[in-house]
1. Highest mean first, how do 285-295, 317-327, 201-211, 112-122 rank when packing is the count of other Cβ atoms within 10 Å averaged over residues?
2. Output the pairs from Lys166/Lys337; Lys189/Lys331; Lys169/Lys326 with a Cα-Cα distance over 28 Å in this structure; if there are none, say none.
3. Starting from the Cα of Arg347, step 7 Å along the direction of its Cβ; do the same at Thr249; then give the gap between the two resulting points in nm.
4. Report, ordered by chain and residue number, the aspartates and glutamates lying within cross-link reach of Lys264, taken as a straight Cα distance under 16 Å and ignoring same-chain residues fewer than 8 apart.
5. Highest first, please rank the peptides 347-354, 253-260 by the mean number of other Cβ atoms sitting within 10 Å of their residues.
6. So for the pair Asp105, Leu257, with labels modelled 7 Å out along Cα→Cβ, what separation do we get in nm?
7. Out of the total accessible area of segment 102-206 (probe 1.4 Å, heavy atoms of protein only), what percent is carbon and sulfur?
8. If R₀ is 22 angstrom, what is the calculated FRET efficiency for the pair Thr384 and Asn308, using the beta carbon separation as r and rounding to 0.05?
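The values are calculated or read from the model by the stated rules, or taken from the named source; none is laboratory data. Here the structure is a predicted model, which means the values were calculated and not measured. Here the Cβ is made from the backbone with ideal geometry for all residues, glycine too, and neighbour counts use every protein chain on show. To get the accessible areas, we keep the full protein, side chains included, count just its heavy atoms, and leave off ligands, DNA and RNA. Shrake-Rupley method; radii C 1.70, N 1.55, O 1.52, S 1.80 Å.
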Amino acid sequence: VLIGMTMILVALRVAMSSIPRRPQTKSGGTSNNNNNNNIRGGMAHGGMAHGGMAHGGMAGGYHPNNPAVDAADVAVADSGGGGSVKDSGFSHSEHIGVPIPEIFDNLADTDVPPLRGVDVPFFWHIPRTGGGTMNDILGGCLYLTLASDAGGNGSGSENDSLKVTKFPKHFSYVNVDTSSPEGIERARKLGLAESGLADVVVGTLLHQVSTVFTEENKGRMFTMFRHPVDRAVSLFHFVQDTHWRNRETFQKELSSLTIEEYFKGGLAENNWMTRYLTNELTKGQLTTEDLSKAKEILRRKVLVGLLNEKGESFARFEKYFGWKLKSDSEKDCHEKKLQWAWPLKHRHDDVDEGSPLWDLIVAHNIYDMELYEYAEVLFHEQRTIFDRMEYINKGVIPKL
């Protein structure tokens, strides 16, 4: 599948090109004498952070030189106390009313009915949460024009303007690259949102992509969430098999790395979703204030989908944005992509809940665990949005 191959190639292009190695001390531990190029180039702070649909793939801000993160978070896992956040004292209401960055003024609130043809759907892609399927259904089944990484940057021509490029199998892309800061800035300057060329904008750099939208053409953000442990495990195995063990990009040390070594060695991401929502990509240790801000952004700005409820999630997205399957072939395409030909699906062993490995991964993602639980709450609460839409479609205005 074209988009699937594009995603893999982009991921491989930006993945482990310059992973900083953590030197060993004489005692066999890890030295803190590490350089800081891992902030943008390494696994911990974004080795895959600028690369299209896999963009941000192994980023997340876990800094191996931050003793507070290393000692406090991993100690929770070592003690077996990282398995759940349900007893952590977090609540699902303390964030309501917390100020969120002004950049989100460019994104419409989810409970305000969308202005179709004016507002621009924006899929915030969280790596390893069904992004390939989303692209294939939107572009290959619904025949929507996308602005993502696949359109390229389109620069270098005398007439630097926006246009739609047609690809095989009905895929159409605007000639922009919404996976890189440079590409996003170009899309903003050329008036991507105002142009009406993109039916959907796709990107991972949430704060940067939000600058593309305007007061008149607001973005409508939607996304798919996956349990943080499942997502982290999938990401590790996907990158190891497609990059570290690939003949052209083979890396001997990483090819045999175990997932336990990956997390204990400081290579793993740390609270990726919370960091990208709050734009705290390089902050050493997050706080409950960061979590509250992330939850408030979700509550106000994000139409939530869940990977383990993918059928209902896609049905909601399609209803919310007015996307319809018009022919039997489109319906067959949709059914195939959604139910049994999941693009870029990668098989690997699951991690048992409550196991030492599970607790280790949770310890690295304690805020994302809480954020995911809140996303589940929102998924159920947002049913009221569609109840209201049903009333409105019938000509009855419900009481809010």
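1. Most protected by this proxy first, the peptides run 201-211, 285-295, 112-122, 317-327.
2. Pairs exceeding the cut-off: Lys189/Lys331.
3. The answer from the label model is 2.3 nm.
4. Result set, ordered by chain and number: Asp70, Asp73, Asp78, Glu253, Asp359.
5. 253-260, 347-354
6. 4.2
7. Here carbon and sulfur together make up 49 percent of the probe-accessible area.
8. 0.55
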